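What follows is a single structure, written as structure tokens, with notes after it.
The values are calculated or read from the model by the stated rules, or taken from the named source; none is laboratory data. Since the structure is predicted, the reported quantities are computational estimates derived from the model, not experimental observations. Glycine also receives a Cβ, built like all others from the backbone with ideal geometry; neighbour counts cover every protein chain displayed.
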Amino acid sequence: MPKLTIDGKEIEVPKGTRLIEAAKCAGIDVPYYCYHPGLSVAGNCRMCLVEVEKTPKLQISCHIEAADGMVVRTNTEKVLKTRQHVLEFLLLNHPVDCPVCDQAGECWLQDYYMKHGLYDSRLNEDKNKKPKAVPLGPNVMLDAERCILCSRCIRFCDEVSKTSELGFINRGSHTEIAVAPGRQLDNKYSGNTVDICPVGALTDRDFRFKIRVWYLKENNSVCSGCARGCSIQVHYNLDRPHHGKGERVKRLKPRYNAQVNKWWMCDEGRYGYKSHDANRILEAVYRAPGQLKEMNGEEAIAELTAKMTSAGKKIGVLLSPQLSNEELYLAKQIFTGHLRLEDVALLSPNAEGFQDDILIRADKNPNTRGASELGLKTGQAGAVLEKAASGGLEGLIVFGQDLTACFDAGKQKKAFEKLAWSCFVGSNHHLTSEFASHVIPAATHFEKEGTFTNFEGITQKFEKVLEPLGSARAQWEILLALGKSLGMNLPYERAEDIFHELSLNVPFFKDLTYEKLNAGGEDIRAMAAPTIPSLEQYDNIL
Amino acid sequence: MEKILSRFFVPGKTFWMDEYEKDGGYEQARKVFECFTREAVIEEVKKSNLRGLGGAGFPCGMKWSFVPQNTGKPVYLVVNADEGEPGTFKDKYIIRHVPHTLLEGIIIAAYANNVHKAYVYIRGEYSGPADILERAIEEAKKKNYLGKKIFGRDYDLEVVVHRGAGAYICGEETGLLESLEGKRAYPRLKPPFPAVVGLFACPTVINNVETLSYLPAIFKGGAEWYAKLGSEKNGGMRLLCVSGHVKKPGVYELPLGIPLREVIYTHAGGIREDRKLKAVVPGGLSAAILTADEIDVGMDFDQLRAKGTMAGSGGVIVMDETTSIVEALMVTMRFYAHESCGQCSPCREGTGWVNKILNRVVGGEGRQQDIDNLLDICSFMGGTTICALADGAAMPLRSYPQKFRSEFETYIVQKKSNPLILSELHTHGVHSRGGQREFHKV
């Protein structure tokens, strides 16, 4: 392992480490635009120039590999002055339209100008004109004047999504990025180009002008869009309901996770947050022929308990792989453990969805693996529904999912018509919630705490980002109330208590705790200390 | 004085196979195959002090010795015939008049480096020379000097002519490789150097047309003889392209190290209308300018470097006393602004900015502080980029105002504006967006 000195600090790094990463390890920040640990090295922005002893010219630290005995200086007058002038070059033809730019507040030009620029403009000429507000695809808008031509977006489309829609046109200071003729930036990962654009050139058509980024709050979560379970950040705002039509969730961003999604997430997951605010079930409802009654939570549980007690074992329960491990564990304890029901089944989508070898999985549920590790198998939900249709069941409880995703509406209707009562516990209105005689509002997974286990067996924890809307409660809270009301002794107060119990009883989750899972959401057991995750990426490129 | 290549430069004439062979053509290639090991070829070229005549002046034999053999990958030879440096027009002469000497040089270089496929990257404007070269290749194939089992030996060599599309940056060796691979000609990060990771990620030798064309002469006359023709460590002859305000502009084949004064006054016939010499650019547009007092310098790579300029591509641009240095710099910088590939920020923005400032100065709107601004911009453009284009732009940008500062100051004070230059600006100005909007992959 090469040992080198950066700004007087001696540091040892793995062979092949770029100086910029080595500096990071030594706690030294070298500014950069074009470098991205998940992409090949372009070396075009020239922001990360540093002095390397015995080399006459300044060297870009994103490209030069650390070598034994190397002496690097990142803060000499020459370096600082050059950095300042590189910024001057980058901002030369930039419109400096920060007041109307959506990137303002998270713009690397703004940040670095304050840190490394602070020069007075010497420009006495007209700036170059380039196209503005050009839709590159359904999700991404280009402002070519703000672009610093770092080529991160181009490299992303070449190397990660492997769709190669983007390239350069023209030359010199007239260079622009553009979409290949006859194409659109419409790959399944296009939103990532906005994330990695360090400036306001690429903005998100879904997010732009919704809210200033400095009004956003953030918390960690996990995407529930498919069995990958990408680590994400939820960006939300509660104080400014006049921005963005009152939606609390403003956007999702991928969160680096070396094991699951690296720096990326797919567009379907990214833009799939609307259901947290739209079309929500807010109050418990009891529907009898010819009447509709709103109830509070306690009444709803009491009502359901009464129905269940009289139905005996003629109750079907359909659980969802969208529920957390804690919820599934609790449901299993109540329905198969305590009540010894026979017709407890796990829903699974009937049609296999799109899948690729990047992130997207065909299974659109975040916790199928968790459910299976808890002993719940898919494939029997249809039989439960058929049993209901043939009059074999008195009541049916459906958790979470719209059955329309798995069964056609006719089959559903036939089953529900035969049932004496049915209960839907979930967050959004749809056909199943319309069919059910009881509806109990549940929190979405941004409104509760819990864990999902992805298809590779990596368990991730998601935080409670938002308070539930209306009278909604987390499904584990509803299950807890139901269990207690059914006479069970369930000594849990928090989701963590359930997880602790679960980790003691289910071997797969052995030794996992919330505390461990809080650290980045990664599965600690599988972590092989990838301190500098980019290296393996470099190897692949070279 | 020796005439090695220029003796073939008969106006309107191409020496095809018959005549070239009558002159002893391809004997050296045959001799190399029959009497030399590839190591011995490299040793001979090292002894000849042959320098890279495309501009960098890197010792040719040493360059070859860096090429790793036995990597399991093929080694490619790439011939740089992009000849884009303004003021340079020697390669065109070689290919037009004596294409076979280039091919013979290619065969020798290929043998020395164990190359079985060579590419000649020729600039798009050279369509005539490219046709001539293709025809010469066909002739050589018929003679079995190229193709399968050449010279009856167990050695294949294919030469492919690849035409460029007119970008200056395609002459930068790694930009050229990118272009040859079908990509946008963005110069590559170094290391790795092309000798190790070059064309299609294989070890690659890149040589200029002129460098290779001197190889047959080296093996005919011997390395010692060739080395002695030139100056210390600068072996042999080179083709100097003299343009500008001289009585007899043209290509002159002269020994390396010849004094610049002799080039201008003895060979090129002196300054037109016997005016006073004002300045000379000695090695293509990217070389620093020399004043009339600085022309007693030997024209080789080392002596010119010692003078703060460079021998470069051998393009000698002579300016007489009627030349406006300010306008000359404006025209010069317009070129770099137009040809900067746009990859690195300092070059992309710097060349464009400098061009705008100089346009304004020449338009009569100059300010005294512009001079220092130009020099300051220049100091952050050079040495901060991937390739040498910005360094090339920085050389004139620094030297013109430094050596002719008072002329810049007077120009600005007088608010002089040259209507001829300005009208030209409007037709060729780079401040309008260039014609095509062509899509390039990186």
In the list A:L341, A:L359, which residue meets the criterion of being surrounded by 15 or more Cβ atoms within 10 Å (Cβ to Cβ), more than 34 Å from the chain's Cα centre (by Cα) and of a type outside the set (D, E)?
-> A:L341
Mind counting the residues in the stretch B:243-269 that are within 15 Å of B:D296 (Cα to Cα) and surrounded by fewer than 18 Cβ atoms within 10 Å (Cβ to Cβ)?
-> 5
Kindly establish whether B:I94 is part of a helix (DSSP H, G or I) and closer than 22 Å to B:G147 by Cβ.
-> no
Scan of the stretch A:255-285 for residues that are outside any loop (DSSP other than H, G, I, E, B), in contact with a Cys (Cβ under 9 Å, 6 or more places away or on another chain) and modelled with pLDDT of 95 or more, ordered by number = A:E268, A:G269, A:R270
In the list A:T55, A:T5, which residue meets the criterion of being assigned to a loop (DSSP other than H, G, I, E, B) and at negative phi?
-> A:T55
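Condition check ((1) of a type in the set (V, I, T); (2) under 22 Å from B:M333 (Cβ atoms)) across all residues:
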{"site": "B:E262", "(1), (2)": "no, no"}
{"site": "B:Y265", "(1), (2)": "no, no"}
{"site": "B:G269", "(1), (2)": "no, no"}
{"site": "B:R275", "(1), (2)": "no, no"}
{"site": "B:S286", "(1), (2)": "no, yes"}
{"site": "B:T291", "(1), (2)": "yes, yes"}
{"site": "B:R305", "(1), (2)": "no, no"}
{"site": "B:G312", "(1), (2)": "no, yes"}
Just give me the residues in the stretch A:51-89 being among the basic types (K, R) and crowded, with 23+ Cβ neighbours inside 10 Å, in sequence order.
-> A:R83
Among the residues of the stretch A:128-160 satisfying the criterion of being among the basic types (K, R) and facing chain B (nearest Cβ under 10 Å), which is nearest to the chain's Cα centre (by Cα)?
-> A:R155
Among the candidates B:G283, B:G269, residue that is in a loop (DSSP other than H, G, I, E, B) and in contact (Cβ under 8 Å) with a residue 40 or more places away in the chain | B:G283
Which one is nearest to the other protein chains (Cβ to nearest Cβ), of the residues in the stretch A:200-209 that are buried (at least 24 other Cβ atoms within 10 Å of the Cβ) and part of a loop (DSSP other than H, G, I, E, B)?
-> A:A201
The stretch A:394-418 - residue that is buried (at least 21 other Cβ atoms within 10 Å of the Cβ) and in contact with a Gly (Cβ under 6 Å, 6 or more places away or on another chain) and, of those, farthest from A:V344 (Cα to Cα) = A:G400
Is it the case that A:E145 is modelled with pLDDT of 95 or more and either over 18 Å from A:Y35 (Cα atoms) or crowded, with 21+ Cβ neighbours inside 10 Å (or both)?
-> yes
Is there a residue in the stretch B:191-213 that is in a loop (DSSP other than H, G, I, E, B) and more than 30 Å from B:G383 (Cα to Cα)?
-> no
Looking at the stretch B:19-46, which of its residues are part of a helix (DSSP H, G or I) and either among the small types (G, A, S) or not assigned by TED's automatic domain parsing to the domain that holds B:G221 (or both)?
-> B:A29, B:A40
Kindly indicate the residue of the stretch B:376-392 that is assigned to a loop (DSSP other than H, G, I, E, B) and more than 10 Å from chain A (Cβ to nearest Cβ) and also surrounded by the fewest Cβ atoms within 10 Å (Cβ to Cβ) among those meeting that condition.
-> B:A388
Which residue out of A:V199, A:V249, A:V213 is touching a Leu at 6+ places or on another chain (Cβ under 6 Å) and touching a residue at least 40 places away in the same chain (Cβ under 8 Å)?
-> A:V199
Only one of A:C48, A:C101 is modelled with pLDDT of 95 or more and away from every other protein chain (no Cβ under 14 Å); which?
-> A:C101
The lone condition B:H338 fails out of (1) in a helix (DSSP H, G or I); (2) more than 8 Å from chain A (Cβ to nearest Cβ); (3) under 20 Å from the mean Cα position of the chain (by Cα) is (2)
Count of the stretch B:1-18 residues which are of a type outside the set (G, A, S), in a helix (DSSP H, G or I) and within 23 Å of B:Y226 (Cα to Cα) = 2
Failed item, numbered, when B:V354 is tested on (1) closer than 26 Å to B:E178 by Cβ; (2) of a type in the set (A, V, I, L, M); (3) more than 8 Å from chain A (Cβ to nearest Cβ); (4) in contact (Cβ under 8 Å) with a residue 60 or more places away in the chain | (4)
Check B:N70, B:N80, B:N49, B:N113 and return the single one that is polar (S, T, N, Q), surrounded by 23 or more Cβ atoms within 10 Å (Cβ to Cβ) and more than 21 Å from B:G283 (Cβ to Cβ).
-> B:N113
Given (1) in contact with a helix residue (DSSP H, G or I) (Cβ under 6 Å, 6 or more places away or on another chain); (2) not in a loop (DSSP other than H, G, I, E, B), B:A328 misses just (1)
Take B:D302 and decide whether it is more than 14 Å from chain A (Cβ to nearest Cβ), free of Cβ contacts under 8 Å to residues at least 12 places away in the same chain and either buried (at least 23 other Cβ atoms within 10 Å of the Cβ) or not in a loop (DSSP other than H, G, I, E, B) (or both).
-> no
Does the stretch B:309-319 contain at least one residue that is within 14 Å of another protein chain (Cβ to nearest Cβ), crowded, with 23+ Cβ neighbours inside 10 Å and aliphatic (A, V, I, L, M)?
-> no
Given (1) of a type in the set (S, T, Y); (2) more than 23 Å from A:D357 (Cα to Cα); (3) within 14 Å of another protein chain (Cβ to nearest Cβ); (4) under 24 Å from the mean Cα position of the chain (by Cα), number of the condition A:T163 does not satisfy = (2)
Assigned to a helix (DSSP H, G or I) and within 7 Å of chain A (Cβ to nearest Cβ) - does that describe any residue in the stretch B:368-375?
-> yes
Any hit, the stretch A:79-86, residues being more than 14 Å from every other protein chain (Cβ to nearest Cβ) and either over 17 Å from B:C347 (Cβ atoms) or touching a residue at least 40 places away in the same chain (Cβ under 8 Å) (or both) = no
Among the candidates A:Y189, A:Y119, which residue alone is more than 14 Å from chain B (Cβ to nearest Cβ), more than 19 Å from B:C344 (Cβ to Cβ) and among the hydroxyl-bearing types (S, T, Y)?
-> A:Y189
How do the pairs read when you match residues in the stretch A:93-117 that are of a type in the set (A, V, I, L, M) with residues anywhere that are not in a loop (DSSP other than H, G, I, E, B), using Cβ under 6 Å and keeping only pairs 6 or more apart or on different chains?
-> A:A104/A:C98
Give B:A185, B:A195 a once-over and let me know the one that is surrounded by fewer than 21 Cβ atoms within 10 Å (Cβ to Cβ) and of a type in the set (G, A, S).
-> B:A195
